[in-house]
Amino acid sequence: MSSLVSETDLISVSASDVLSASHRLKGISRITPLEYNERLSHLFQAKIYLKREDLQVVRSYKLRGAYNKMSLLSPEAREQGVVCASAGNHAQGVAFACQALSVTGRIVMPVTTPRLKVSKVRKFGGPWVEVILKGDTFDDAYHHACTLARQHDLVFVHPFDDPEVIAGQGTVGKEILDHCPTIPDMIVVPVGGGGLASGLSVYVNQLPKPPRLIGVEPMGAPAMFESLKAGKTIMLDEIEKFVDGAAVRKVGELNFKICQKGLERVLLVPEGRVCTALLELYHEEAIVAEPAGALSVAALDQLRDEIKGKTVVCILSGGNNDISRTEEIRERSLLDQGLKHYFIVQFPQRAGALREFVAEVLGPEDDIVFFEYMKRNHRETGPALVGIEYADPSAHAALMARMKTARFEFEPINGNPNLFHLLVS
């Protein structure tokens, strides 16, 4: 791949901007570890390194861009203050930068933001930050923040579509090249609005033979994937918000221009696979990643044939995971692995029907983990919603065969998204 930036490009971020940002961030952001991962290296027959941005001061890379942007404000702009809209990591990065630079900040968050996230923003910002809860969605908060910026002449600190924010995020790439034993063959980077991916692209593509850059998005929020396919930024009508740190309806214009030249391609990973990677990181390495932070590791399955024998860096972009989501994460992982299936089963409305189902249909290691049934008068059968967990995904076909042999009418619903979300989620 050719070098990303030339003097004639309309892109207003360069590798020298990233170097300057790195100097500004000394003593502010941590130089996070680049760790060799033995388990993943053995599994994929490659040299896999993890860039641990989950160990950053605010547990994500977002501090880098926010601080770089705000450190370059004029004295007059600092006096006026800043404003941003965020329900997560960007808010914490801006809050930390406000306190570090003694700049007043207004941080607009949706009313629906969990209290833990709100308290973290207040903790990092201290007396320099005012948290404003407005609206039910990020879009509501964003529009209110823009209104405040106009009304009070505040600098709006964008989470990704800003050259100084991009340069700050690019320092992740500088640290990778500084600390990797060799220039990596590939770097796998999570993509949301495109701030990290574009910053990385700016810096590493200055090399004569740069690493291959592979972006990763959640399947339910493919904003960069669809934009690259269309050749322009597009607005998604709807997105799946589970991987909240990477779920945006539209990527930044500047970010798109840079990624269009700098990324080899973008992969889409199912949300369930992200959950499996997240749980494996926790159980095997005691790494607490957030869903967006695990995207790069979740994509390795798709890259298996390409990375054999290669040196690969996966960026763990953040670790602000909400413990209250643990059961949902486990559920999505089991579904993704084919270890949990839901059925609507028609039970004969007579005594002993459930006992027959357990005796004749369930295998020795199959477990009923959900059962919801209401008897219907004056009918021969009644529907039950049944959730079954397997020890091995191959048990699924055998169980369905036994239901047919035992003459239980049933409908699998895992593959029917509308019905599944109505009855289960």
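Coordinate-derived values only; no laboratory data. Computed from a prediction, not measured in an experiment: that's the story for all the values here. Neighbour counts are summed over all protein chains in view; Cβ atoms, including those assigned to glycine, are modelled from backbone coordinates with ideal geometry.
For the reader, a short list of remarks on this structure follows.
- Per-residue [θ]222 nm for the chain (sum of -39500 (n - 2.57) over DSSP H runs n ≥ 4, rounded to 500): -12000 deg cm²/dmol
- Gaussian network model of the chain, Cα within-10 Å springs - most flexible of Y61, Y282, Y203: Y282
- Sorted fewest first by neighbouring Cβ atoms within 10 angstrom, L303, L43 come out as L43, L303.
- Set K69/K123; K261/K310; K241/K340; K62/K123; K26/K62 screened for pairs whose C-alpha atoms are more than 18 Å apart: K69/K123; K261/K310; K241/K340
- Here is what passes the span test in the chain: the DSSP H helices with alpha carbon length of 20 Å or more along the helix axis and a Kyte-Doolittle mean of -1.0 or above are 138-152, 271-285.
- Residue with peak Gaussian network fluctuation, the chain [Cα springs, cutoff 10 Å], from T32, T405, T276: T405
- Cα centroids of segment 205-226 and segment 106-127: 30 Å apart.
- Semi-axis lengths (Å, descending) of the ellipsoid that matches the C-alpha gyration tensor of segment 123-165: 16, 16, 13
- Each other residue within a Cβ distance under 11 Å of A289 adds +1 if Lys or Arg and -1 if Asp or Glu, for a net charge of -3.
- Selected from V94, V82, V345 as most flexible by GNM, with the chain as the system and alpha-carbon contacts under 10 Å: V345
- DSSP beta bridges in the chain [antiparallel fraction, %, rounded to 5]: 45
- Distance between the C-alpha centres of segment 83-97 and segment 340-416: 48 Å, rounded to the whole angstrom.
- Legend: ranking of residues C146, C84 from fewest to most surrounding C-beta atoms inside 10 Å; resulting order C146, C84.
- Residue exposure proxy: V274, V297, ordered by other Cβ atoms within 10 angstrom of their Cβ from fewest to most, comes out as V297, V274.
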